[in-house]
Amino acid sequence: MKHWLRGTWAVLRKDLRLELRSRYVLNALLVFVLSALLVVALAAGADSVDTRIQAGLLWIVILFTASLGLGRAFVVEEECNTALLLRLHTTGSMVYTGKLAYSFLSVLTVNGVLVMAFLVLLSVEVAHAGLLVVTLALGTLGLSGATTLLAAIIARTARSGPLLPMLLFPLLMPLLLAAVEATHLSLTGSVAGAWNAAASALAAMTGFTGVVISASVLLFDHVWHD
Amino acid sequence: MTLPREHPVARSFIDTHYRQIRLLIVLWMTAVLLGAFSFGGHWLNIPRISILEHTARNLYFHVPMWFTMMALTVVSAWHSMRCLRSGDAVRDIRARSAAQVAVVFGLLGLLTGSVWAHYTWYEGTSIWWNFDPKQTMATVQVLIYGAYFALRSALDDSAKRARISAVYNVFAFATVPFLLYVLPRQMESLHPGAEGNPAFSEITHPLMRLVFYPAVIGFIGVGWLLYHQRVRARKLEQQLENRQYTPL
């Protein structure tokens, strides 16, 4: 167990260090998020958008950002020819968990900035900040859980192109629906009843995240090893 | 002239009795179709319900399409799982063939449902499509298989294609419970059995069940037939590919 934790931490630390050296993913994603949000805000005409549509727009931007940023996680290893070294020194589950933690942290950072900008640009008022934060964190975990395995899959293909969004979007439909519902409640719901109202959506998100991550752990070795 | 068999394979019951099974399914479906379209007289004349009228006969087609698609989805995921265990190429052929036939039945189910809904639920409006949970679930399932086939075409090596696409198929199957049980609970539906609507058994006349249950069995039979034909064709193709060229 200690060995496994150390391996996972090493994979995560390696990715974080590489990211801090180049800041490629973070810079690219932040610029993408802000420009996408600007497009959304201009197209929506900020003053008269229904809160449900606002919640939907927010999650659409999150989904596209994640599918752009997380797809690189394993492609990078193949491009730099470091995948073999990683296979030699670690087991599959260490790599999966390390990459998952890295994906989660990077998307969470980007989403934090995104939500701030979203609230300001579309002048949204939050009725229940705690619920919004929990929804975002859970949604991000489910998102990165599903994307990490798919990123490993597309790294094995000859032509990746637009493959990741195509593989990802249908799978994420249950998560997306629950997340939009919970976000909608956090923007409008009364402060007292918001948690109760959002309970079923949050339960669905937790269940989905659990299923996706456990399935990924079980399946990852088949993708990772030849 | 007959080519010599290089690898005599054990022939199962299905292989030796294929023609008889096919004939049985064809006759069965003929009887189902006769029952489904019997008008007039008292024989299998369905009760008339306002708005629904004779469109109720679509029950014999629309609902079995879904059952067949779900059955084939389970078959496809099962063979993908076995493919990951054993790496057997035949498992990959089976998973892929089941997925292809499942898509056909999924599209037919969407089509029959969309037309049915237009002339009953949305009578007098111009609505053809609505995001009813069951409809959404089926669309997502078809989309998942679309992604599955796209993934397959992006993989060149056949062993790798079998393994990687099997992973995606199993992974997608893990989210199906959410599509089937969790998602429909959170949305309003017009389908029978949903909140506020009577269940299937309460609104269906016993006469209709006389045709409906055989129709379910018949369409699953047709689905199995299409699936089995594809598997046989692919196996033969593979045998031809593997056969070394020998001058006659």
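Residue B:156 meets each of the listed conditions (1) facing chain A (nearest Cβ under 8 Å); (2) more than 23 Å from residue A:177 (Cβ to Cβ); (3) at pLDDT 90 or above apart from (3). Candidates in region B:69-125 are the residues that are closer than 23 Å to residue B:144 by Cβ and of a type in the set (Phe, Trp, Tyr); of these, the one that is farthest from the chain's Cα centre (by Cα) is B:78.
Look at region B:5-34: where a residue is modelled with pLDDT under 85 and a partner is assigned to a helix (DSSP H, G or I) and surrounded by 11 or more Cβ atoms within 10 Å (Cβ to Cβ), sitting 6+ places away or on another chain with Cβ atoms under 8 Å, you get B:7/B:239; B:14/B:21; B:14/B:228.
Quick one: which residue in B:200, B:178, B:171 is within 17 Å of residue A:167 (Cβ to Cβ) and modelled with pLDDT under 80? Within the list B:200, B:178, B:171, the selection yields B:178. Within region A:155-190, the set of residues being β-branched (Val, Ile, Thr) and at pLDDT below 90 comprises A:157, A:188.
Scanning region B:109-142 for residues that are within 14 Å of residue B:58 (Cα to Cα) and polar (S, T, N, Q) yields B:112, B:114, B:120. Scanning region B:141-159 for residues that are more than 18 Å from residue A:162 (Cα to Cα) and without any contact (Cβ under 8 Å) to a residue 40 or more places away in the chain gives B:142, B:157. Taking the conditions (1) more than 16 Å from residue A:123 (Cβ to Cβ); (2) under 16 Å from the mean Cα position of the chain (by Cα) in turn, residue A:39 satisfies each one other than (2). Taking region B:119-138 as the range and being surrounded by fewer than 18 Cβ atoms within 10 Å (Cβ to Cβ) and within 14 Å of chain A (Cβ to nearest Cβ) as the test, only B:131 passes. Does region A:86-109 contain any residue that is of a type in the set (Lys, Arg) and crowded, with 20+ Cβ neighbours inside 10 Å? Yes, region A:86-109 has at least one match. Per the listing B:150, B:166, the residue uniquely touching an Asp or Glu at 6+ places or on another chain (Cβ under 9 Å), within 13 Å of another protein chain (Cβ to nearest Cβ) and either closer than 25 Å to residue A:209 by Cβ or at pLDDT 90 or above (or both) is B:166. Please verify whether residue A:75 is at pLDDT below 85 and either buried (at least 21 other Cβ atoms within 10 Å of the Cβ) or in a helix (DSSP H, G or I) (or both), treating the condition exactly as stated. Criteria met by residue A:75.
Just one of (1) farther than 20 Å from residue A:167 by Cβ; (2) within 13 Å of chain A (Cβ to nearest Cβ) fails for residue B:72. It is (2).
The values are calculated or read from the model by the stated rules, or taken from the named source; none is laboratory data. Nothing here was measured: the structure is a model prediction, and the numbers come from that model. In this analysis, Cβ positions are derived from the backbone assuming ideal geometry, glycine residues included, and neighbour counts consider all displayed protein chains.
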